[in-house]
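Asks: Provided herewith is a single structure, encoded as structure tokens, for subsequent inquiry.
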Amino acid sequence: IEAQALLPATLPDWLRLRLLMNSAYVKNRGGHYDEAMARYNQALKLADESGPIWRRIDLRSLIASVLFNAGQTDKAAEINREQMRLATESSDEFGISAAYTMRAIQFSSDKDAGTVLADWRAALEHARLGGSKHQILIGMGNIADYYLQHGDFQTAYALADKALPLAEAANDLPAQSVAVANKGLALIGMHRKDEGLPLVHRRTRRTETGD
């Protein structure tokens, strides 16, 4: 049964959209990919007809991620291009940052490393232009992770070390956790295991306790 058919026709569009997205999320988490995508596509159609531009951009970011995780990389790239176009046309810096982030994730194993790094840096730059502290910290963490993956542990450490006090000042606990872990992994990579392991374990304890 189509998700919209289950909803009263008198519901306002914003509530109908929210219910469709919630239903799609539940279906996707439960492993029912086809049903989830049917709902996401209905939500996208409704958002394009009646939603604000930021919602249309945000929804495409979400759908691109779902498609990518399901192995539908070509479709994910197509949705990502739509997201980038809408965000650029509306000068939505947060949306542009998210689009670059998704593109870097999608092509991290396929494209030239320099191109992927350029996408990560563009995502961070547009997060700064948008003024979102959390998005800036996410961007810094993503770039540090990039350097960890490519064996540049000193640069990764420097980025994580710079991000940690900013995350603490913003009281952003997830970003603090990422920065601590990245510092620990970078130290381990630099053969400073005695210093790095306690930081990695500290992040693990935070994750397990929810602190």
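The values are calculated or read from the model by the stated rules, or taken from the named source; none is laboratory data. For clarity, every value in this text was computed on a predicted model and none was experimentally measured. We place every Cβ from the backbone using ideal geometry, glycine too, and count neighbours over all the protein chains shown. Just the protein is used for accessible areas: all its heavy atoms, side chains included, with ligands, DNA and RNA removed. Shrake-Rupley method; radii C 1.70, N 1.55, O 1.52, S 1.80 Å.
Asks: Any residue in segment 58-65 that is over 29 Å from Y147 (Cα atoms), open to solvent by less than 70 Å² (accessible area, probe 1.4 Å) and in a helix (DSSP H, G or I)?
Replies: The answer is yes; a qualifying residue exists.
Asks: Moving on to the next point. For segment 93-114, enumerate the residues that are open to solvent by less than 30 Å² (accessible area, probe 1.4 Å) and touching a Phe, Trp or Tyr at 6+ places or on another chain (Cβ under 9 Å).
Replies: Filtering segment 93-114 down to residues open to solvent by less than 30 Å² (accessible area, probe 1.4 Å) leaves 95-99, 101-102, 104, 106.
Scanning segment 93-114 gives G95, T101, M102, A104, Q106.
Asks: Out of segment 17-28, which residues are under 22 Å from Q83 (Cβ atoms) and open to solvent by 20 Å² or more (accessible area, probe 1.4 Å)?
Replies: R18, M21, N22, S23, Y25, K27, N28
Asks: I would also like to ask the following. Please count how many residues of segment 68-91 are among the basic types (K, R) and more than 15 Å from A104 (Cα to Cα).
Replies: The first filter runs over segment 68-91 and keeps only residues among the basic types (K, R), leaving 75, 81, 85.
Pick out the ones that are also more than 15 Å from A104 (Cα to Cα) and you get 75, 85.
Residues in segment 68-91 being among the basic types (K, R) and more than 15 Å from A104 (Cα to Cα): 2 in total.
Asks: Could you list, in sequence order, all residues of segment 70-92 that are surrounded by fewer than 19 Cβ atoms within 10 Å (Cβ to Cβ) and assigned to a helix (DSSP H, G or I)?
Replies: T73, D74, K75, A77, E78, R81, E82, R85, T88, E89
Asks: All but one of (1) more than 24 Å from I136 (Cβ to Cβ); (2) of a type in the set (D, E); (3) under 18 Å from the mean Cα position of the chain (by Cα) hold for D172; state the number of the condition that does not hold.
Replies: Exception for D172: condition (1).
Conditions (1) without any contact (Cβ under 8 Å) to a residue 12 or more places away in the chain; (2) closer than 30 Å to L86 by Cβ; (3) not aromatic (F, W, Y), marked per residue:
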site	(1), (2), (3)
A122	no, yes, yes
H126	no, yes, yes
L129	no, yes, yes
I136	no, yes, yes
Y146	no, yes, no
P165	yes, no, yes
L173	no, no, yes
G189	no, no, yes
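Asks: Given the conditions (1) surrounded by 20 or more Cβ atoms within 10 Å (Cβ to Cβ); (2) at pLDDT below 90, report the number of the one that T10 does not fulfil.
Replies: That leaves (1) as the condition not met.
Asks: Here's something else I'd like to know. Kindly check whether there is at least one residue in segment 43-56 that is open to solvent by 50 Å² or more (accessible area, probe 1.4 Å) and aromatic (F, W, Y).
Replies: yes
Asks: Let me ask something else. Determine which single condition D58 fails, assuming it passes every other condition in (1) touching a Lys or Arg at 6+ places or on another chain (Cβ under 8 Å); (2) at pLDDT below 95.
Replies: Here D58 clears every test but (1).
Asks: If you check L137, L86, which single one turns out to be more than 15 Å from S61 (Cα to Cα) and either modelled with pLDDT of 95 or more or among the aliphatic types (A, V, I, L, M) (or both)?
Replies: L137
Asks: Suppose the filter is touching a helix residue (DSSP H, G or I) at 6+ places or on another chain (Cβ under 7 Å), among the hydrophobic types (A, V, I, L, M, F, W, C), surrounded by fewer than 22 Cβ atoms within 10 Å (Cβ to Cβ) and under 29 Å from I63 (Cβ atoms); does L117 pass it?
Replies: Working: touching a helix residue (DSSP H, G or I) at 6+ places or on another chain (Cβ under 7 Å): yes; among the hydrophobic types (A, V, I, L, M, F, W, C): yes; surrounded by fewer than 22 Cβ atoms within 10 Å (Cβ to Cβ): yes; under 29 Å from I63 (Cβ atoms): yes.
Criteria met by L117.
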